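The values are calculated or read from the model by the stated rules, or taken from the named source; none is laboratory data. Computed from a prediction, not measured in an experiment: that's the story for all the values here. Backbone-built Cβ (ideal geometry, glycine too); neighbour counts: all protein chains shown. All accessible areas refer to the heavy atoms of the entire protein, side chains included, with ligands and DNA or RNA removed. Shrake-Rupley method; radii C 1.70, N 1.55, O 1.52, S 1.80 Å.
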Amino acid sequence: MTRYLENFFQGGDQIISLAAVFAVWIALSVIGGAIGGRERIRQIDHLIGWSVVSLILTGGGVLTRIPFTYLTIGAGVLALVSGSVLWRRGDGIGSKSWARLLILGLPFFALLSAMRGSQWDEFTDWLVIPRYLLETDAFPSHDNPYANANLLAYPYSWHFITYMASRLGSRFLENAGAISNVLLLFGFGLLTLRLIGRGLGRENLAHAPTWGLAALAGLSTTLFNPTFAQKVALTAYADTSSAVVTGTAVILGWLMVEALADGDPRLARRYAWQTGAVLLVLINLKQATLVLTVLVIGGIIITALREPRIKGSALATTLPAVIVPPLLIALVWRYHVATEIDAGELRIMAFADWHVALIPDIVGRMLLVLSKKGLYLAVITLVAILGLRGLVRSRSSFDRFALIAAAVVFGYNAFLLFAYVTTFGEFDALRAASYWRYNMHLGLVCVAFAAVGLTEIWRKRLAGR
């Protein structure tokens, strides 16, 4: 028995890792909870708080010379003030569902707390850059080169998580990203459970679920997630966080459209600023998430314009709350890249170097990769069919969700084809390098699509039986 337990526990350092990462996400949740108000969606408190802290650290790191240690202390003070706000209004963070899901996941977290870096990109980017951030307390610049790191010009919201946890733990925590990824997946699972409750008319389902439903929430984003892969999700890679934030933005954008269709501008504005806050995080995760951000916004606009009950003026007054937050942080970061970072991101090649003649071969390789991922291929095929139906008609909530999901899923794959043709070298283009990993960014959009669709089928076809 002792030898078996040693598979989970190898030393006190594991406790430090778990405590530091959990403390970061609790602080972010407190900030998000204070800003969100009593009627907020509690399952995204941590994402709202993450958006606020990302803006503080990115803006402070670019526009001032304040070291990140002091910016992080400032974020900690904000968390304490936010906690006071929550206490005064008799509110809190989390829920019984979070408690049950975390208890069920304890063996998982015990394993994660003993993990170390193992993947190639972790040793060139996802672990190297936050270590430099910890050691230098500043962004890379002409005066502060990160000599041995790649992709310096990628945005830093994901790196901030490892940095803050390591600062709290008083040492560099290689496993902060892996632990955070699972927390993000669990949070999205609870959001999915909320979607199911909404569709069934049982809004409290996600707040106080049974143990079985809490387990279902966790399984929906791991075992039942068609793009879940251990070697990506349980590492410091930013692909899982990109998937979680993309899926959340799609859900919030859909809820905003639904509120506009129901003639509830107040609720629509609330969902709009939450969507904008989540998109602020999304656009600041990776270089390619700029495209995901644009696709989410585009999908929202197309879906709203297809709904005859939504007036153009109502949509126009709501959209700034969605667009301005991600645009603001993107402009700040692009200013820093333009003035201080000479390389470290993928760039479009000269037109003469584009692999136009290889497009049939690249498309064939992309289809071959998808053909080996049967469940995912089946889901995105349904997304395509039902999204097209949503474009032709807009009769139900599910039609509108399918249209937004289709815009994101197929717009992103079209962008990946464009990237292989215009950005990658010939060898990587012909093998569609990392194509499956890039599609992992869309996995939780598919999970949400399945949740909304199956709930619709249950409510209309099966509930009476």
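Which three lengths, in whole Å and largest first, does segment 251-381 cover when its Cα atoms are put on their principal axes?
Rounded to whole Å, the extents work out to 49, 45, 25 Å.
With just the Cα atoms defining each centre, how far is segment 152-206 from segment 363-427? Give it in Å.
Here the answer is 25 Å between Cα centres.
Show me, for segment 106-113, the HN-Hα J-couplings you get by feeding each phi into the Karplus relation (A = 6.51, B = -1.76, C = 1.60, θ = phi - 60°), rounded to Hz, glycine and proline as x.
Taking θ as phi minus 60°, the curve returns 4, x, 4, 5, 4, 5, 5, 5 Hz for segment 106-113.
Could you order peptides 408-414, 28-34 by the average number of other Cβ atoms within 10 Å of their residues, highest first?
28-34, 408-414
Under the Karplus relation 6.51 cos²θ - 1.76 cosθ + 1.60, θ = phi - 60°, what is the ordered set of whole-Hz ³J(HN,Hα) values for segment 183-189, x standing for Gly and Pro?
Calculated HN-Hα couplings, in order: 4, 5, 5, 5, x, 5, x Hz.
Order 115-123, 366-374 from most to least packed using the mean count of other Cβ atoms within 10 Å.
Ranking, from highest mean packing down: 115-123, 366-374.
Any idea which of V322, A214, A249 is furthest toward the positive side of the dipole for the chain, if Lys and Arg beta-carbons carry +1 and Asp and Glu beta-carbons -1?
So the residue we want is A214.
To the nearest 20 debye, what charge dipole does segment 284-415 have about its Cα centre, counting +1 at the Cβ of each Lys and Arg and -1 at the Cβ of each Asp and Glu?
700 debye
Among S54, G169, A27, whose Cα projects farthest towards the positive end of the dipole of the chain, with charges put on the beta-carbon of Lys, Arg (+1) and Asp, Glu (-1)?
Toward the positive end, the furthest listed residue is A27.
So how long is each side of segment 134-205 along the principal axes, counting just the alpha-carbon atoms, biggest first, in Å?
Dimensions of segment 134-205 along the principal axes of its Cα atoms: 57, 26, 15 Å.
On average, how much accessible surface per residue is there in the chain, in Å², for a 1.4 Å probe, leaving out ligands, DNA and RNA?
Here the residues of the chain average 43 Å² of exposed surface.
Take the Cα pairs of the chain, get the Kirkwood Rh, then feed it into Stokes-Einstein at 37 °C and 0.692 mPa s and tell me D in µm²/s.
Rounded, D is 144 µm²/s.
Going toward the positive end of the dipole of the chain, with +1 on Lys and Arg Cβ and -1 on Asp and Glu Cβ, which of Y132, L151, L358 do you reach last?
Farthest along the dipole direction, towards plus: L358.
Let's test the formula: R0 of 60 Å, r as the Cβ-Cβ distance of L200 and T69. What FRET efficiency results, to the nearest 0.05?
E(calc), rounded to 0.05, equals 0.80.
In debye, nearest 20: dipole of the chain around its Cα centre with unit charges on the Cβ of K, R (+) and D, E (-)?
That gives a dipole near 1900 debye.
Give me the dipole magnitude in Debye, nearest 20, for segment 262-347 about the Cα centre, with unit charges on the beta carbon: positive for Lys and Arg, negative for Asp and Glu.
The dipole of segment 262-347 has a size of about 300 debye.
Quickly rank 165-177, 343-355 as a protection proxy: mean count of other C-beta atoms within 10 Å, highest first.
Ranking, from highest mean packing down: 165-177, 343-355.
Leaving out ligands, DNA and RNA, what percent of the accessible area of segment 15-145 is carbon and sulfur, probe 1.4 Å?
Values: 3930 of 5860 Å².
Roughly 67 percent, rounded to a whole number.
Through the Karplus equation 6.51 cos²θ - 1.76 cosθ + 1.60, θ set to phi - 60°, convert the phi angles of segment 296-308 into ³J(HN,Hα) values in whole Hz; use x for Gly and Pro.
After applying 6.51 cos²θ - 1.76 cosθ + 1.60, I find 4, 4, x, x, 4, 5, 4, 5, 5, 5, 7, 8, x Hz.
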